[in-house]
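Data first, discussion second: the structure below is written as structure tokens.
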Amino acid sequence: MRKNPRHIIHRLNQWRIQKISNRNFLVVLALVVGLIGGLASAVLKGLTHRIAAFLQDDVQWQYKYYLYLFFPLIGILLSVLYVRRFIRKGTFEHGITPIIYSISRKSSRIEKHNVYSQIITSALTVGFGGSAGLEAPIAYSGAAIGSNAGRFFGLNYREVTLLLACGAAAGIAGAFNSPVAGVIFAIEILLPEFSIPAFIPLLMAAATASVVSRLLYSEPLFHLVTDDWELEALFFYLLLSVCIGLFSIYFAKMSAWSKQVFSRIKNAYQRVWVSGLSLGLLIFLFPSLYGEGYIAIQQLLNGRHGALLENSIFSDYQHVGILVTLYALVTVFAKSIAASITLNSGGNGGVFGPSLVMGGLLGFTFSFGLNQTGLVELNVANFVVAGMAAALSGIMHAPLTAIFLIAEITGGYALMVPLMLVTAISYFINRASLKYSIYTKVLAEQGDLLTHEDKDRTVLSMMKLRYLLERNFTVLRPDEYPADRRHDIIHTKRNIFPVVDNDGKLLGIIYSEQLLEILLGEHTAKVGKTMRELAEKPVDIIRMDANMEMVMHKMNREDIWILPVVDHQDNYMGFVSKSAVFNKYRALLMRQGTYLE
């Protein structure tokens, strides 16, 4: 007899629960998630760079650089075709925002196909020149691995969320060979609240992923290049952080505007043509926009400042310092446009990588430009590193992630003090203008984000009135008399009755005390009156489309515990009570609370 797979899983979980505690099992699962996440990171990096190397190095043709006009179009088109052919329509998302949404509103459930579909689509997009990063896709893939591993073993919400974060940490750690940054990223971006024991699974997952990724793909992201910082340059680090903080505000607003523009193009293939050709033209003018852009940053770190203009139509001017500075500055804004086009047109990637590249280019432009004046002599490599950290901190609202990531991938631990200063200042400048990061802005506007500062309001916004509606009330008709409904009135468990006509319209409410007094003969003057005559107008009513913040405002304003609910045509739907709201509120707080006791 063939056993049901669910039965086998159930038996396996029963055995596991008897043999090992959940706390220890989470550590074991975190190690497994880290192992698979590291493997996924290596596959994504290897596949993407192989595609890019083939197109850039293996294709030999006199006019091949004109193909750069079409490579991004092909990559985005292939990504869109894959999604529409192999994934159910409307279920594919990219970036870090959907991961945060799944934690807040989907019980940390991420669809299984994201384990591999994120890798395939991002490799096609970035390998063919899409100007985006691989970190968000691999974090999404890792999060899917963790989420589905937890659900497979029947773990609860907190434990699944922790494993989801372990997967994302593994993805970041494997992508950058930066385990510390992976752990901090998970805590700073994905887990609004955490407890100390959560560190252990996160550390295991990130460390394992970093080891596996390094074994399979040993090429470092950047080579160690930084030197110690000089006290005399401190003022210029602070000035750079202000500039990048302001730039991060521009980038966030430009990204939001770009998303609105592309959302107006309803046909997916029209978006591909418009974005692909636009992106191709930008890459033709600025070759460093191809793919992630890390090669250009490494060249700047190595002191090859004119390399930005190589392979471009401006290559003859790569030895003119002022023109190199201006070209780098224009490249920064071109990169911001190219990244937005890539991400809003159907391609898959993230703003993690572009943030690093834009910050590095701004650091180079700032320091190299000042050096051209002859008034100062700044260490360009150090400012490139500081610029990357400042941009990441401002755009993502993640200063700790920025500090440790940049320090790990560049060997910039000697720059720890400047990194701390530039990340803090850039973050506070952006936060002063934009309350939410580029990842959380949309979620906050939709009420799908749980925040520390406004938890009560946020939790209320997560509730839906239709799920709190109570319908088990005895409905009275307007032409009935109390004696007609004696049995129902006496035996009801509710103390309020809605009076509803034959068309379903709410005419009023009657409290049980009044009806019982009439039935006992204490109100002889009202004995002969119908329910319509006895009904009184409710203090207030709630519409079905009302949000829970408005519901609680009405209840608190009138100091009332329960209110009737009607639809847009005044048809009676039920009642909503403070008790139901409070119970749901407590459940959500427990659900969103500490992830590991």
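I'd like to know if segment 217-230 contains one or more residues that are open to solvent by less than 20 Å² (accessible area, probe 1.4 Å), under 26 Å from ALA407 (Cβ atoms) and touching a helix residue (DSSP H, G or I) at 6+ places or on another chain (Cβ under 8 Å).
Restricting attention to segment 217-230, the residues satisfying the condition of being open to solvent by less than 20 Å² (accessible area, probe 1.4 Å) are 222.
Right, trim to under 26 Å from ALA407 (Cβ atoms) and you get 222.
Applying the additional criterion that residues be touching a helix residue (DSSP H, G or I) at 6+ places or on another chain (Cβ under 8 Å) yields 222.
Yes - at least one qualifying residue is present in segment 217-230.
Being polar (S, T, N, Q), over 53 Å from the mean Cα position of the chain (by Cα) and surrounded by 14 or more Cβ atoms within 10 Å (Cβ to Cβ) is the filter here; which residues of segment 469-528 pass it? Residue satisfying the conditions is GLN514 alone.
Of all the residues in segment 530-582, those that are modelled with pLDDT of 85 or more, within 33 Å of the chain's Cα centre (by Cα) and open to solvent by 80 Å² or more (accessible area, probe 1.4 Å) number 1.
The set of residues in segment 112-123 being under 25 Å from ILE283 (Cβ atoms) and either outside any helix (DSSP H, G or I) or in contact (Cβ under 8 Å) with a residue 60 or more places away in the chain (or both) consists of GLN118, ILE119, THR121, SER122, ALA123. Is it true that some residue in segment 354-366 is over 24 Å from the mean Cα position of the chain (by Cα) and surrounded by fewer than 17 Cβ atoms within 10 Å (Cβ to Cβ)? The answer is no, given that none of the residues of segment 354-366 is over 24 Å from the mean Cα position of the chain (by Cα) and surrounded by fewer than 17 Cβ atoms within 10 Å (Cβ to Cβ).
Residues that are crowded, with 24+ Cβ neighbours inside 10 Å and of a type in the set (A, V, I, L, M, F, W, C) within segment 373-397 comprise PHE383, VAL384, VAL385, ALA386, MET388, ALA389, ALA390, ALA391, LEU392, ILE395, MET396, listed in sequence order. Just one of the numbered conditions (1) without any contact (Cβ under 8 Å) to a residue 60 or more places away in the chain; (2) in contact with a helix residue (DSSP H, G or I) (Cβ under 8 Å, 6 or more places away or on another chain); (3) open to solvent by 30 Å² or more (accessible area, probe 1.4 Å) is not true of LEU370: (1).
Counting just the residues of segment 231-240 that are surrounded by 15 or more Cβ atoms within 10 Å (Cβ to Cβ) and either touching a Pro at 6+ places or on another chain (Cβ under 8 Å) or over 20 Å from MET396 (Cα atoms) (or both), which one comes out modelled with the lowest pLDDT?
Here is the first cut: in segment 231-240, the residues surrounded by 15 or more Cβ atoms within 10 Å (Cβ to Cβ) are 233, 236-237, 240.
Retained after the next criterion (residues that are either touching a Pro at 6+ places or on another chain (Cβ under 8 Å) or over 20 Å from MET396 (Cα atoms) (or both)): 233, 236-237.
Values: ALA233: 85, PHE236: 93, TYR237: 92.
Filtering segment 231-240 for residues that are surrounded by 15 or more Cβ atoms within 10 Å (Cβ to Cβ) and either touching a Pro at 6+ places or on another chain (Cβ under 8 Å) or over 20 Å from MET396 (Cα atoms) (or both), the one modelled with the lowest pLDDT comes out as ALA233.
Name, by its number, the condition in (1) touching a helix residue (DSSP H, G or I) at 6+ places or on another chain (Cβ under 8 Å); (2) buried (at least 19 other Cβ atoms within 10 Å of the Cβ); (3) more than 16 Å from LEU246 (Cβ to Cβ); (4) at pLDDT below 90 that does not hold for SER461. (2) is the only condition that SER461 fails.
Total residues in segment 175-189 satisfying the condition of being within 14 Å of THR410 (Cα to Cα) and of a type in the set (Val, Ile, Thr): the figure is 1.
Can you tell me which residues in segment 411-433 are under 21 Å from the mean Cα position of the chain (by Cα) and under 21 Å from SER178 (Cβ atoms)?
Keep residues of segment 411-433 that are under 21 Å from the mean Cα position of the chain (by Cα), which gives 423, 426-428, 430-433.
Selection gives THR423, SER426, TYR427.
Exactly one residue out of ARG151, ARG109 is part of a helix (DSSP H, G or I) and among the charged types (D, E, K, R), and it is ARG151.
Evaluation of ILE184 against the conditions (1) of a type in the set (A, V, I, L, M, F, W, C); (2) under 16 Å from the mean Cα position of the chain (by Cα); (3) buried (at least 24 other Cβ atoms within 10 Å of the Cβ) shows that the sole unmet condition is (3).
Does ALA139 satisfy being within 28 Å of SER79 (Cβ to Cβ) and at pLDDT 85 or above? Explain how you work it out, then say what you get.
Values: within 28 Å of SER79 (Cβ to Cβ): yes; at pLDDT 85 or above: yes.
In short, yes.
If I ask for residues that are in a loop (DSSP other than H, G, I, E, B), out of contact with any Pro (no Cβ under 7 Å at 6 or more places or on another chain) and not aliphatic (A, V, I, L, M), which ones from segment 294-318 would you list? Selection gives ASN302, GLY303, ARG304, GLU310, PHE314, GLN318.
Taking the stated definitions as given, is ILE438 within 17 Å of the chain's Cα centre (by Cα) and open to solvent by less than 10 Å² (accessible area, probe 1.4 Å)?
Values: within 17 Å of the chain's Cα centre (by Cα): yes; open to solvent by less than 10 Å² (accessible area, probe 1.4 Å): no.
So ILE438 does not fit the description; no.
State which residue is most open to solvent (accessible area, probe 1.4 Å) when the search covers only segment 69-106 and only residues that are part of a loop (DSSP other than H, G, I, E, B) and either in contact with a strand residue (DSSP E or B) (Cβ under 8 Å, 6 or more places away or on another chain) or under 18 Å from VAL160 (Cα atoms) (or both). The qualifying residue most open to solvent (accessible area, probe 1.4 Å) is LYS106.
For ALA444, the test of being at pLDDT below 90 and either in contact with a Pro (Cβ under 9 Å, 6 or more places away or on another chain) or among the small types (Gly, Ala, Ser) (or both) is passed. Based on this model, can you work out whether ASN348 counts as touching a residue at least 60 places away in the same chain (Cβ under 8 Å), under 19 Å from the mean Cα position of the chain (by Cα) and surrounded by 24 or more Cβ atoms within 10 Å (Cβ to Cβ)? Considered against the rule, which asks whether it is touching a residue at least 60 places away in the same chain (Cβ under 8 Å), under 19 Å from the mean Cα position of the chain (by Cα) and surrounded by 24 or more Cβ atoms within 10 Å (Cβ to Cβ), ASN348 comes out as yes.
Considering only segment 241-291, state which residues are of a type in the set (A, V, I, L, M, F, W, C) and open to solvent by 70 Å² or more (accessible area, probe 1.4 Å).
First, the residues of segment 241-291 that are of a type in the set (A, V, I, L, M, F, W, C): 242-244, 246-247, 249, 251-252, 254, 256-257, 261-262, 265, 268, 272-274, 277, 279, 281-286, 289.
Those that are of a type in the set (A, V, I, L, M, F, W, C) and open to solvent by 70 Å² or more (accessible area, probe 1.4 Å): LEU246, TRP257, TRP273, VAL274, LEU277, LEU281.
When segment 156-172 is limited to residues that are in contact with a Leu (Cβ under 7 Å, 6 or more places away or on another chain) and of a type outside the set (Gly, Ala, Ser), the one that is surrounded by the most Cβ atoms within 10 Å (Cβ to Cβ) turns out to be CYS166. All conditions but one from (1) small (Gly, Ala, Ser); (2) in a helix (DSSP H, G or I); (3) farther than 15 Å from MET388 by Cβ apply to GLY245; the one that does not is (3).
Pairs are defined by a Cβ separation below 8 Å, a sequence spacing of at least 6 or placement on different chains, a first member in segment 404-429 that is open to solvent by 50 Å² or more (accessible area, probe 1.4 Å), and a second member that is outside any helix (DSSP H, G or I); the pairs so defined are PHE404/SER178; VAL417/TRP229.
The values are calculated or read from the model by the stated rules, or taken from the named source; none is laboratory data. Everything numeric here is computed off the predicted structure, so don't read it as measured data. A quick note on method: Cβ atoms are made from the backbone with ideal geometry, for glycine too, and the neighbour counts reach across all protein chains shown. Heads up: the accessible areas ignore ligands, DNA and RNA and are worked out on the full protein's heavy atoms, side chains in. Shrake-Rupley method; radii C 1.70, N 1.55, O 1.52, S 1.80 Å.
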